[in-house]
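Below is one structure, written out as structure tokens; comments come after it.
The values are calculated or read from the model by the stated rules, or taken from the named source; none is laboratory data. What you see is a predicted model; the values in this text were computed from it and never measured. Positions of Cβ are backbone-derived with ideal geometry, glycine not excepted, and every protein chain shown enters the neighbour counts. Side chains are part of the model used for accessible areas, which takes the heavy atoms of the whole protein and leaves out ligands, DNA and RNA. Shrake-Rupley method; radii C 1.70, N 1.55, O 1.52, S 1.80 Å.
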Amino acid sequence: MTPAKLWLRIFLAGFALICGLLAVTLKTPPFYGDMTRIGLLSENAFGWTIEPPQVPAEFLRAAPVAEADIVVIGDSFSMSNRWQSELTRAGLRVTTIFWGQINEALCGDLNAWLDRAGFRGKVVIVESVERLLADRLANSKTCAKMQKPFSAGLKPFFAPLDHVPAPAINWDGKLTSGLNIYRNTKRAREASGDFLSNKRILVRPVADGCSMFSSQLCDRAPFWPADDENGELTVQHVAQMRAISEAQRPRSIVWMVIPNKTTVYVKPEHSKDFVTAFEAAGLGPDLFSFSQVQKQKVRDYYFPNDTHLSMHGQLAVGQRMLEAVRKILPTAPSKAS
């Protein structure tokens with residue numbers, strides 16, 4: 001074989017390989033879940049397939065802080081304004097800011113800071129996912145003064161998908177991503193236990209998962225390893241939360257602790273001592289026990305391909321938060337029909 005023919009064969013083999021990889025990637029659905037994207041897992045296997053509820057835009061719009069009845073301090077679980085829409089639908093005026101805007105801490109002058117921003121309401125809802133709350137409380141313990149001015153938008157920080165994504169060609173995928181997604185998903189499907197995908201996302205079996213998730217591979221789901229690594233919340237954390245609440249009287253702080261996805265679907269006893277103490281302290285609604293019930297009632301209560309509550313779950317939690325707020329603001333109007 002002449003050198004020219006040899007190089008031609010090498011070229012053609014390489015070209016065929018590239019074409020094959022490209023074809024696999026183009027046929028692989030684009031990502032619409034954070035955990036599938038980070039873990040390089042197939043949306044065909046883990047993507048949700050039930051249409052999300054529609055929320056009129058008027059209930060997603062926030063109120064200016066000077067007109068608000070409630071300030072929400074939240075994280076990514078609050079960025080779509082979906083759970084807050086249940087409060088807004090009931091006639092309450094809500095504005096939302098995020099932990100990242102306040103250096104992940106509730107400082108000693110929180111009330112004065114809100115006063116300077118023009119807030120005249122009586123209720124502050126502090127929302128945090130379970131795995132991040134301990135660090136935020138530790139930051140708050142050593143924080144005397146809020147450093148950044150109050151700043152909140154009138155529109156949701158991001159808009160979630162309002163329909164199940166239609167089949168599409170994946171033009172944005174890397175050349176090798178289709179093959180990696182195929183391999184990871186195959187390993188996840190065949191694993192008898194936990195599987196760490198792309199060294200970042202833990203795919204775990206979920207008992208009775210197909211009654212709770214609409215995804216194709218519904219007997220397992222992706223989870224953050226940090227749900228385990230960050231440890232459990234404790235009775236001491238409840239004491240810290242109570243101290244913060246007492247220091248900010250006469251305003252009422254309603255603590256909204258959202259359990260990790262892993263806690264809801266895999267380890268329901270996680271942070272159990274915290275949950276018992278939290279409920280006894282009356283600092284806010286027990287969303288841990290609530291979620292154990294809702295996961296059986298609401299399919300895709302959490303997204304199967306993401307770490308967050310789905311839009312179905314957001315509205316269920318929003319109704320629970322409305323019940324909690326009405327205990328403080330009993331004159332809050334009933335939910336509009």
Connecting every pair of Cα atoms under 10 Å apart in the chain and solving the GNM, the largest mean-square fluctuation among Val325, Val206, Val164 falls on Val164
Quick one: if you stick a label point 7 Å off each Cα along the C-beta vector at Ala280 and Lys145, how many nm between them? 3.9 nm
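Taking R0 as 35 Å, what FRET efficiency do you get between Gln292 and Ala191 from their Cβ-Cβ distance, rounded to the nearest 0.05? Each step should come with its number before you reach the end.
Details: r = 25 Å, r/R0 = 0.73.
FRET efficiency, Gln292 to Ala191: 0.85.
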Per 10 Å bin, what percent of the C-alpha pairs of region 52-207 does each bin hold, from zero upward? 9, 27, 25, 21, 15, 3
How many angstrom separate the Cα center of region 226-279 from the Cα center of region 302-330? 16 Å
Glu269 paired with Ala247, simple spin-label distance in nm, labels 7 Å along Cα-to-beta-carbon: 3.5 nm
Residue-wise HN-Hα coupling along region 260-270, computed from phi with Karplus coefficients 6.51, -1.76, 1.60 (Hz; x: Gly, Pro): 4, 4, 5, 4, 5, 9, 10, 10, x, 8, 4
Under a point-charge model restricted to the Cβ atoms of Lys and Arg (+1) and Asp and Glu (-1), what is the dipole moment magnitude of region 81-144 relative to its Cα centre, in debye to the nearest 20? 240 debye
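Once fully extended, how much extra length lies between Asp162 and Ala57, figured as 0.36 nm per residue of separation less the alpha-carbon to alpha-carbon distance? Working shown, then result.
Details: separation 105, 0.36 × 105 = 37.80 nm, distance 1.20 nm.
Length difference between fully extended and current span is 36.6 nm.
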Using a 1.4 Å probe, what is the accessible area per residue for the chain, in Å²? 48 Å²
To the nearest 20 debye, what charge dipole does region 200-337 have about its Cα centre, counting +1 at the Cβ of each Lys and Arg and -1 at the Cβ of each Asp and Glu? 480 debye
What's the angle, to the nearest 10 degrees (0 to 90), between helix 3-27's Cα axis and the longest principal axis of the chain? 30 degrees
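In whole percent, how big is the carbon plus sulfur part of the accessible area of region 39-85, probe 1.4 Å, protein atoms only? Spell out each step's value before the answer.
Numbers: 830 of 1510 Å².
Carbon and sulfur atoms account for 55 percent of the accessible area of region 39-85.
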With -39,500 (n - 2.57) per DSSP H segment of 4 or more residues and division by the full residue count of the chain, the 222 nm estimate, nearest 500 deg cm²/dmol, is -12000 deg cm²/dmol
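If you take the beta carbon distance between Asn111 and Cys210 as r and set R0 to 51 Å, what does 1/(1 + (r/R0)^6) give as a FRET efficiency, to the nearest 0.05? Intermediate values should be presented prior to the final figure.
Details: r = 48 Å, r/R0 = 0.94.
Calculated transfer efficiency: 0.60.
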Calculated diffusion of the chain, Stokes-Einstein form, Kirkwood radius summed over Cα pairs, 37 °C and 0.692 mPa s, µm²/s: 151 µm²/s
